[in-house]
Amino acid sequence: MADSLKARVREKLLRQITEDGGKPADEEDDDNDPRLITLESDLAALDAAEDDDPVIEDLAGRYWVP
């Protein structure tokens, strides 16, 4: 398991994208599925966040990451 909350949230988002039939945000994807778009948007926000950014806590709560 990853050490930081940010890393755990990132793992969860990537797993969710894969389970929903999408590809990670860094891969080309022509799908316009709103759920996948939201997941990829959240992943991009997470990747842009500093370690102490409140967005990490928000995403952890939204995706049930302990």
Problem - Residue that is surrounded by the most Cβ atoms within 10 Å (Cβ to Cβ), among those in the stretch 30-44 that are more than 9 Å from the chain's Cα centre (by Cα) and aliphatic (A, V, I, L, M) - result: 36
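How many residues does the stretch 39-66 contain that are among the acidic types (Asp, Glu) and farther than 16 Å from residue 4 by Cβ? Write out each step before concluding.
If we filter the stretch 39-66 for residues that are among the acidic types (Asp, Glu), which is where we start, we get 40, 42, 47, 50-53, 57-58.
Now restrict to residues that are farther than 16 Å from residue 4 by Cβ: 40, 42.
Qualifying residue count, the stretch 39-66: 2.
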Problem - Cβ pairs under 6 Å, 6+ apart, first in the stretch 40-66 and of a type in the set (Gly, Ala, Ser), second part of a helix (DSSP H, G or I) - result: 45/55; 49/55; 49/56; 60/5; 60/9
Handout entry: Residue that is nearest to residue 35 (Cα to Cα) [pool: residues in the stretch 51-61 that are among the charged types (D, E, K, R) and at pLDDT 95 or above]
Key = 58
Handout entry: Counted residues, the stretch 39-62 - those being among the charged types (D, E, K, R) and part of a helix (DSSP H, G or I)
Key = 6
Practice task
Just one of (1) surrounded by 12 or more Cβ atoms within 10 Å (Cβ to Cβ); (2) among the acidic types (Asp, Glu); (3) at pLDDT below 85 trips up residue 47, so point out which.
Solution key: (3)
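The values are calculated or read from the model by the stated rules, or taken from the named source; none is laboratory data. Being a predicted model, the structure only gives us computed values, none of them experimental. Glycine also receives a Cβ, built like all others from the backbone with ideal geometry; neighbour counts cover every protein chain displayed.
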